[in-house]
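The values are calculated or read from the model by the stated rules, or taken from the named source; none is laboratory data. The shown structure was predicted, so the numbers you read here are calculated from the model rather than taken from an experiment. When we count neighbours, we look across all protein chains shown, and the Cβ atoms used for this are built from the backbone with ideal geometry, even at glycine. Side chains included, ligands, DNA and RNA excluded: accessible areas come from the protein's heavy atoms. Shrake-Rupley method; radii C 1.70, N 1.55, O 1.52, S 1.80 Å.
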Amino acid sequence: MDRKWLPLTAVLGVATAVVLAATLWPEREEKTRPPETLCFGSLSRATAALIDDGKGGDVTADELERPGQGDRAVFKICSMVRADAGGGPGRRVYSLTVQDASGPPGLPKGAVPLGAGFVGWALPERAEAALPVDCARSMGSTAPYVVVDLDAPTQSEERGLVDRDTALRNSAAVVREAATNLARTAGC
């Protein structure tokens, strides 16, 4: 080989090695949520299906995420929808809202506390849980708290679809799991 081609051969060899390394190098794993979770990865399908309107159907979620208003940074809402057996449009069964708040959830009249390790409460058709205090900062908020709020009108006592104790357990289970999983995702 002629010496004048040696530098070009070396450069091409190095370039080939770089291209091969870039092509074969393992890519960074993306943090994706498991397909069996709903509502920004905060609820398992089993927990999401606890609240029903008495008509059954597979549960799916319509998710919306946008920055909060003013100095608020967190606003996520997902509506849980049950599929119609006849192939018609789904029915909104309940919604879960995650947003920053200026204080922890207070205990409304008739509500029961969520239990050890959780700040929040449950009623048959409503529930709230605060994420741990350091989660707000981890989620990019300047507010002191991030709260998970459940609105489940299908469980109201007036509708009579489920008894009060079952409705309380369902509401509490949904917000506890959502708060736990959102905190884990935020690393707090």
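A few remarks follow.
- Ordered from largest to smallest accessible area (heavy atoms of protein chains, 1.4 Å probe), the residues 109, 76, 55 come out as 109, 55, 76.
- If R0 is taken as 25 Å, the Cβ-Cβ distance between residue 107 and residue 163 corresponds to a FRET efficiency of 0.70.
- Solvent exposure ordering (accessible area, 1.4 Å, most first) of 38, 107: 107, 38
- Nearest-10 value in Å² for the accessible area of residue 118, using the 1.4 Å probe: 60
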